[in-house]
1. Taking 1 over the mean of 1/r across every pair of different Cα atoms in the protein assembly as shown, what Kirkwood radius in Å do you get?
2. Within chain A, what's the longest run with no GluC sites (Glu not before Pro) in a DSSP loop and at most 14 other beta-carbon atoms within 10 Å? Give the range, please.
3. Leaving out ligands, DNA and RNA, and with a 1.4 Å probe, what % of the accessible surface on chain A is carbon or sulfur?
4. Could you tell me which of rounded, prolate or oblate describes chain A, using a ≥ b ≥ c as the square roots of the eigenvalues of the alpha-carbon gyration tensor, with rounded for a/c under 1.5 and, failing that, prolate when a/b is larger than b/c and oblate otherwise?
5. Need the C-alpha centroid separation for region B:90-114 versus region B:1-64, integer Å.
6. Under the classification rounded if a/c is under 1.5, otherwise prolate if a/b is larger than b/c and oblate if not, where does region B:1-159 fall, given a ≥ b ≥ c as square roots of the Cα gyration tensor eigenvalues?
7. Mind listing the long-range amide H neighbours of A:Thr202? Cut-off is under 5 Å, sequence gap 5 or more, other chains count too, H placed in the peptide plane at 1.01 Å from N.
8. Express in nm, to one decimal, how much length is gained between B:Ala308 and B:Ala278 on full extension, taking 0.36 nm for each residue of separation and deducting their alpha carbon distance.
Amino acid sequence: MALDRFFRRRRPQQQAGAELPDLWTQCPQCKEGVYNRDLDLNAHVCPRCGHHLRLDAGQRLEVLLDPGSFQQRSGRVHPVDPLGFEDTEPYPARLARAQKKTGRPDAILTGTGTILGLPVTVAAMDFAFSGGSMGSVVGEEIARAAEHAAGAGTPFVLVAASGGARMQESALSLMQMAKTTVALEGLAERGLPYVSILSDPTTGGVTASFATIADVIVAEPGALIGFAGPRVIQQTIRQNLPEGFQRAEFLLEHGMVDAVVDRREHRTYLRSLLGVLTRQPAGEASA
Amino acid sequence: MSTPADTLRELEARLRDLEDAAQRTGQDLSVALTPLRAEVERLRGECQAHLTRWERVGLARAPGRPTALDYVERLCTDFAELHGDRAYGDDPALIGGPARWGGVPVMLLAQQKGRDTKSKIRRRFGMSNPEGYRKAIRLMDFADRFGLPVVTLIDTPGAYPGIEAEERGQGWAIAGSIQRMVRLRVPAVCAVIGEGGSGGALALGVGNRVLIQENAWYSVISPEGAASIIWKDAAKAPQAAEALQLTAPDLLRLGLVEEVVPEPLGGAHRDPDAAAAALGEAVSRHLAELSALGPDELKAGRAARFRAMGAFREV
Ligand SMILES: [Zn+2]
């Protein structure tokens with residue numbers, strides 16, 4: 001099975017704002033320059049202000065899984081252009097650009113691995129690919145990963161990062177919300193845990209389907225999470241939005257997520273939680 | 001150059017004048033009226049067949065288009081509306097309760113837009129808050145408990161985008177309703193009767209059978225929403241409607257609905273009774289077909305229906 005260049009160290013994903021060449025990245029929050037090496041060692045969390053930088057799917061699984069444990073399952077399902085969709089450019093051209101940029105067929109990376117020794121099936125959405133938008137391929141790969149987890153008897157961990165359903169596949173994208181929900185039923189029927197991690201940003205159809213029906217919903221600090229985008233809400237109600245609106249901490253306060261967990265703690269948090277839910281002996285990290 | 005639609009409008013105006021004249025004067029103008037009526041009918045049929053996608057969106061939103069309650073009044077008896085989600089409030093944009101559909105006991109769930117300005121505002125033009133979807137979830141529990149088939153009428157521009165909706169978990173509520181429909185152990189027949197706007201529509205759309213009226217639309221995003229994302233200009237909605245392929249014939253071709261329910265020529269608002277008769281017959285027929293299936297088959301069949309959706313290639 002292809003390893004999808006998983007072991008290759010990559011520079012942190014470029015963020016908005018000035019870019020310091022090669023060795024440095026400017027933190028989008030505190031604007032300080034941070035050594036890329038320090039970001040790599042710190043799960044891409046700014047060591048100065050704690051801001052959680054956005055990760056692509058490969059970086060995400062590096063942060064989450066034991067080194068060398070990842071076995072990729074996704075990658076054979078490729079997008080097509082079922083509607084001949086053309087807006088400012090044809091959909092296939094848009095896809096080709098995103099594929100070239102990320103090296104992936106679509107906005108999703110799935111497979112198996114271990115977290116502090118505990119076997120899991122994982123899926124990470126890739127915001128770097130067309131804003132993590134969910135079309136047929138994302139839906140299919142998530143469905144297959146969930147079905148694999150149910151068949152293999154492992155917990156399922158999904159990391160959401162998406163602007164929502166993909167416009168260019170219209171109603172077919174919409175139906176992925178139901179399809180993924182159907183596939184997740186197998187886990188529930190077999191008593192296997194499903195944990196979703198909502199990262200910045202998680203909005204639209206992803207928030208309104210598989211990401212929010214998990215047994216445990218974890219959010220990353222500061223992540224924007226919601227159904228309607230802030231701009232749409234503002235246009236509708238013509239009021240300013242409250243401070244911190246739709247951020248992870250806001251959702252915790254409103255009872256919508258189980259916990260806001262620092263990315264640097266994800267591995268120990270998941271090992272401990274999944275260990276309890278699957279009746280595994282306590283790992284070293286929870287001693 | 002005049003289009004068939006222009007000619008139709010012209011002839012319709014002439015027909016109205018003649019009918020008025022006939023009534024006013026008491027004269028028998030049938031020699032003139034009969035062929036004119038036939039020509040108007042023929043042109044309506046021609047226009048219907050050649051409607052652009054944007055024109056169909058217009059019909060789905062036409063003033064006077066029957067709302068869910070207009071159909072309920074014509075097709076249902078013994079409807080007992082049950083209010084509230086038992087947690088926060090009652091959402092007037094999504095109504096439900098047990099009823100008889102063509103005499104058959106069902107659980108009815110419907111998005112209601114409102115029929116006049118006041119009720120449209122009260123019902124937020126069919127845009128639900130989370131308590132609407134949570135009421136739907138509660139009523140689906142109820143349906144399973146009493147073995148009532150679920151009938152949903154979908155007509156919403158989308159879920160309401162508001163501060164409070166987000167605070168109360170709009171995404172969570174929609175996801176919960178989708179999941180609850182997946183888990184139903186009774187038949188579910190869904191019909192899009194106007195606008196099928198995004199996740200707010202799919203929340204009531206996970207049926208064993210999904211039908212759509214001839215001039216309704218169903219899409220991942222409204223044409224205006226798509227146009228403002230693509231071209232930063234909601235006025236380009238007609239182009240977006242074409243690109244989104246959101247009409248009933250499109251949905252049928254994509255395999256996402258089982259049946260297009262015909263509407264009277266010119267749209268459901270031209271003859272609500274005829275529109276209701278066609279809708280009532282189609283839903284009843286699908287309910288009858290599903291009534292032979294057991295709870296496991298129903299759930300598995302619904303799961304298989306949605307699991308197969310999507311377009312991709314394997315390499
Ligand atoms: Zn910083």
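The values are calculated or read from the model by the stated rules, or taken from the named source; none is laboratory data. The structure displayed is predicted, hence computed values, not measured ones. Because the Cβ atoms are built from the backbone with ideal geometry, glycine has one as well, and the counts that use them run over all protein chains shown. For accessibility, only protein heavy atoms count, side chains too; no ligands or nucleic acids. Shrake-Rupley method; radii C 1.70, N 1.55, O 1.52, S 1.80 Å.
1. Result for the protein assembly as shown stands at 25.5 Å.
2. My reading of the result: A:33-242 is the longest stretch.
3. 50 percent
4. rounded
5. Region B:90-114 and region B:1-64 have Cα centres spaced 35 Å from each other.
6. Taking the square roots of the gyration eigenvalues as a ≥ b ≥ c, region B:1-159 is prolate.
7. HN-HN under 5 Å from A:Thr202: A:Ser162, A:Leu224, A:Ile225, A:Gly226.
8. Between B:Ala308 and B:Ala278, full extension yields 7.9 nm more.
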